[in-house]
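Below is one structure, written out as structure tokens; the observations come after it.
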Amino acid sequence: DAGVIQSPRHEVTEMGQEVTLRCKPISGHDYLFWYRQTMMRGLELLIYFNNNVPIDDSGMPEDRFSAKMPNASFSTLKIQPSEPRDSAVYFCASSLYRVGGGYTFGSGTRLTVV
Amino acid sequence: AQSVTQLGSHVSVSEGALVLLRCNYSSSVPPYLFWYVQYPNQGLQLLLKYTSAATLVKGINGFEAEFKKSETSFHLTKPSAHMSDAAEYFCAVSDAQVGNEKLTFGTGTRLTIIP
């Protein structure tokens, strides 16, 4: 299995631009998570899905952030408009429904907003 | 609400010495506990997990952790540190409830190995 695949690995964009991060979970996994990692705040859960349905989006910082999962093999996290404080590493992770199974993480997207 | 506290944001040990990374948890229900490792510019990788079976859990790369309910702890250890163990380590907790896959992570401990 190729694991959780995220694209792009690096993204540099100007403030005000729209940014779309992509994630392909492991085939057969029914949970998908988006995390943000910064030095100041550590790992923050932004949103997670179960069977393509958003379950908890309480971690999404503002309306500028949105996430979708149109099917079991693809999810996007969109920031519009982007701001310098959105600069972070964004991770996608997936898991199979079994309590205590743990996650498989992607390699992350390093976003820099200038 | 569940949470974990990792004591020490930075730990340095000599190569060949014992590695001890501390994690204490808080949970109103029986927890499941995890340790993840993150190497530079990579995602997090599962090292080991406790899911209410044996209290001493063995993981990859020679690491192990012991669940101590009385101390609400889940410390990570390795008898002899290798240079390749230099990384950031995260403790995480989830509720041991059916259908709850949400993990809460600690703030991480950066492990440095001194040659």
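The values are calculated or read from the model by the stated rules, or taken from the named source; none is laboratory data. All values reported here derive from a predicted model rather than from experimental measurement. Neighbour counts are summed over all protein chains in view; Cβ atoms, including those assigned to glycine, are modelled from backbone coordinates with ideal geometry.
Please verify whether residue A:61 is assigned to a loop (DSSP other than H, G, I, E, B) and without any contact (Cβ under 8 Å) to a residue 40 or more places away in the chain, treating the condition exactly as stated. Yes: the conditions hold for residue A:61.
For the stretch A:38-56, the tally of residues that are surrounded by 21 or more Cβ atoms within 10 Å (Cβ to Cβ) and at the interface with another protein chain (Cβ under 9 Å from one of its Cβ atoms) stands at 2. Scanning the stretch B:5-43 for residues that are more than 16 Å from residue B:108 (Cβ to Cβ), out of contact with any Ser or Thr (no Cβ under 6 Å at 6 or more places or on another chain) and at pLDDT 95 or above returns B:13, B:14, B:15, B:17, B:18. Just one of (1) in a loop (DSSP other than H, G, I, E, B); (2) hydroxyl-bearing (Ser, Thr, Tyr); (3) in contact with a strand residue (DSSP E or B) (Cβ under 6 Å, 6 or more places away or on another chain) fails for residue A:27. It is (3). Filter the stretch B:58-94 down to the residues that are part of a strand (DSSP E or B), among the β-branched types (Val, Ile, Thr) and away from chain A (no Cβ under 13 Å) and list them by number. Once the filter is applied, which keeps residues that are part of a strand (DSSP E or B), among the β-branched types (Val, Ile, Thr) and away from chain A (no Cβ under 13 Å), the stretch B:58-94 yields only B:77. Annotation: of all residues in the stretch A:1-18 being surrounded by fewer than 19 Cβ atoms within 10 Å (Cβ to Cβ) and of a type in the set (A, V, I, L, M, F, W, C), the one that is nearest to the other protein chains (Cβ to nearest Cβ) is A:5.
Inside the stretch B:36-57, can you point out the residues that are assigned to a strand (DSSP E or B) and within 10 Å of another protein chain (Cβ to nearest Cβ)? Answer for the stretch B:36-57, where residues must be assigned to a strand (DSSP E or B) and within 10 Å of another protein chain (Cβ to nearest Cβ): B:36, B:38, B:44, B:45, B:46, B:47, B:48, B:49, B:50.
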